[in-house]
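**Q** Next up is a structure, given as structure tokens.
The values are calculated or read from the model by the stated rules, or taken from the named source; none is laboratory data. Here the structure is a predicted model, which is why all the values come from computation and not from measurement. Note: ideal-geometry Cβ built from the backbone for every residue, glycine included; neighbour counts use all protein chains shown.
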Amino acid sequence: MQNEYLPGSAGKAASDQVNLQGRDLAVDYLRAFLIVLVVCMHAALAYTTFSAVDETHWVKSSAPIVDSQRCFLLDPLVLYFDTFLMSLLFLISGLFVLRSLERRGGKDYFLARLKRLGVPFVFVVLVVAPLAFYPSYLSAAPEMDTPFLFSFFTSDGWPTGPPWFLWVLLLFNGIIAFVHWLAPNLLRRISKLPSAFIVFMVSILSFLPLSLIASHFWWLSLGPIDMQPVRLGLYFAYFLLGMAIGAGQGWRRRDWLINWRLWLVVGVLSFGVYLLLLNEAVQLPAIVMALIFSTAFAVSCAGTSLGLLGAFRRYAGGNHAVFDSLSENSYGIYIIHYAFVIWFQFFLLGVSWPVLFKFCVTFVGSLSLSWGASIALRKIPGIRQII
């Protein structure tokens, strides 16, 4: 999640977006914005109409807490965020990889990634995850005789939640570090700024084949190792796109992606098509439906990602204290926010407030507390070096 900033000047064209410490404000603020959306999406999951409780096993429910109060307005919000959020985070994570590899070498680079990603992942799966999922256990199985921690780590399958991103990103970094050690010239060949057309085509080709044979909502869990197998190709492709984009300096210009508004509109409209097909509002032959459905998802992902990259490059100029704090703590927020989200949803289960108000309380409360907790944790020198 943490990027490695480029040393030295980024050039006159980007001088108002890269400060004296080499920080790229557009990337910083975009990443922080995406983390806020992640918190928002998780806060909404308890209140969507498609959320469902598995009465036989609480871990198999669609969300750790599912409230009896629902709001259909939150459905498209969650589904839209789902099309682009994680892909774009993988792309951002790849932006500074090639420069870091060239500067550090493959071994030192991977050891640094192991510290930044592996250590937090172990902390989350051992500490944060049990704390986060305990309300779900209480809600679903209050009369269980088996101690929670014993069942959590054994029969319940050891769920982890959002930090699945950390081990997948570490895997991608490991693959790239190995390739750099084996054939460094091979990576240099991708150091070319891809066009918008290439981004769209890569999105479709990396997602479509697997999505035609399995649901892209399918999760596979092997202990604390959670993944969405159908999306792994898309995520790795976006990580590679980030590497290609970040290898040069052209993407630092304000006029990079000059048509970003158009791409954002394409992303939103494609999501509309995706939503219509998801709700079976249009009847077509099964194979045609599957092709259009998966293509609409990929195009929405590409269009929204390009739109947000262009928008933040265009408008993220100048430091702002609040945005800087949010940016500095975005990694910490991502790591610990899920526990706050689930506990808020749990405490609000029996509260007869309007559902949108419950969602807002969960979202704002979880974001604020995880932000504050990250600030406090980062005051500890050893932790600050990691997050």
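**Q** Any residue in the range 56-76 that is under 26 Å from ASP156 (Cβ atoms) and of a type in the set (S, T, N, Q) sitting within a Cβ distance under 6 Å of a residue that is crowded, with 21+ Cβ neighbours inside 10 Å and at pLDDT below 95? List the pairs, counting only those 6 or more apart or interchain.
**A** That search, which allows pairs on different chains as well, returns nothing.
**Q** Any residue in the range 164-171 that is within 28 Å of PRO120 (Cα to Cα), touching a Ser or Thr at 6+ places or on another chain (Cβ under 8 Å) and assigned to a helix (DSSP H, G or I)?
**A** Taking the range 164-171 as the starting set, the residues that turn out to be within 28 Å of PRO120 (Cα to Cα) are 164-171.
Imposing the further condition that a residue be touching a Ser or Thr at 6+ places or on another chain (Cβ under 8 Å) reduces the set to 169.
Restricting the remaining residues to those that are assigned to a helix (DSSP H, G or I) gives 169.
For the range 164-171, residues within 28 Å of PRO120 (Cα to Cα), touching a Ser or Thr at 6+ places or on another chain (Cβ under 8 Å) and assigned to a helix (DSSP H, G or I): present.
**Q** Assess whether SER100 counts as being modelled with pLDDT under 95, closer than 25 Å to ALA237 by Cα, of a type in the set (Ser, Thr, Tyr) and touching a helix residue (DSSP H, G or I) at 6+ places or on another chain (Cβ under 6 Å).
**A** On the way: modelled with pLDDT under 95: yes; closer than 25 Å to ALA237 by Cα: yes; of a type in the set (Ser, Thr, Tyr): yes; touching a helix residue (DSSP H, G or I) at 6+ places or on another chain (Cβ under 6 Å): yes.
Criteria met by SER100.
**Q** For the range 222-321, please list each of the helices (runs of 4 or more DSSP H) lying entirely inside it that holds at least 2 residues being over 22 Å from LEU95 (Cα atoms). Full working, then the answer.
**A** On the way: elements: 232-246, 260-278, 286-315.
Output list reads 260-278, 286-315.
**Q** Moving on to the next point. Using beta carbons and a limit of 8 Å, which pairs, at least six apart or on different chains, have the first residue in the range 130-141 and at negative phi and part of a helix (DSSP H, G or I) and the second one surrounded by 19 or more Cβ atoms within 10 Å (Cβ to Cβ) and among the hydroxyl-bearing types (Ser, Thr, Tyr)?
**A** ALA132/TYR338
**Q** Hey, another quick one. Just checking, how many residues over the range 185-212 are over 19 Å from CYS301 (Cα atoms), of a type outside the set (A, V, I, L, M, F, W, C) and surrounded by fewer than 14 Cβ atoms within 10 Å (Cβ to Cβ)?
**A** Of the residues in the range 185-212, the ones over 19 Å from CYS301 (Cα atoms) are 185-192.
Going one step further and asking which of them are of a type outside the set (A, V, I, L, M, F, W, C), we end up with 185, 188-189, 191-192.
Those left that are additionally surrounded by fewer than 14 Cβ atoms within 10 Å (Cβ to Cβ): 185, 188-189, 192.
The total comes to 4.
**Q** Can you tell me which of SER151, SER206 is in a helix (DSSP H, G or I) and at pLDDT below 90?
**A** On the way: SER206 fails: at pLDDT below 90.
Checking each option against the conditions leaves just SER151.
Per-residue answers, yes or no, for (1) at pLDDT 95 or above; (2) closer than 30 Å to GLY307 by Cβ:
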site	(1), (2)
HIS42	yes, yes
PHE50	no, yes
LEU95	no, yes
GLY105	no, no
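**Q** Here are some residues: ALA302, ALA296, ALA339. Which one is in contact with a Ser or Thr (Cβ under 9 Å, 6 or more places away or on another chain), farther than 29 Å from PHE197 by Cα, aliphatic (A, V, I, L, M) and surrounded by 17 or more Cβ atoms within 10 Å (Cβ to Cβ)?
**A** Numbers: ALA302 fails: farther than 29 Å from PHE197 by Cα; ALA296 fails: farther than 29 Å from PHE197 by Cα.
Unique residue meeting the criteria: ALA339.
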